[in-house]
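The structure appears right after this line, and notes come after that.
The values are calculated or read from the model by the stated rules, or taken from the named source; none is laboratory data. All of these numbers come straight from a predicted model, not from anything done at the bench. Backbone-built Cβ (ideal geometry, glycine too); neighbour counts: all protein chains shown.
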Amino acid sequence: MLTTFRCSRAQGSVGKQAVGVGAAPVVLTAMGFTGTGIAAASIAAKLMSAAAISNGGGVAAGSMVATMQSAGVLGVSASTNMILGTVGAVVGVLL
């Protein structure tokens, strides 16, 4: 019985892994990180404003906002997809 439970959880983690990888571009766009830049009056615009204020007027390279903007413009890289997939698999096993 325990083996069946483990297989079932592992199979569920694969589905959640795929959702995590596929959802990243959709979530970034919904937040306002678009292919043409940050959308006005969006969550991304508010994040960028807060990051700029806290950094003395500019968004720091490598910051969360800068990274998400790059992902919004360029798409999500293979390494990011692997990270998202791993996180999705772990969450799938835990749930």
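Would it be correct to say that residue 12 is in contact with a Lys or Arg (Cβ under 7 Å, 6 or more places away or on another chain) and modelled with pLDDT under 85?
no
Of everything in the range 25-52 that is more than 17 Å from the chain's Cα centre (by Cα) and not aliphatic (A, V, I, L, M), the residue that is surrounded by the fewest Cβ atoms within 10 Å (Cβ to Cβ) is 36. Of all residues in the range 43-95, those satisfying the criterion of being closer than 11 Å to residue 28 by Cβ and modelled with pLDDT of 90 or more are 43, 44.
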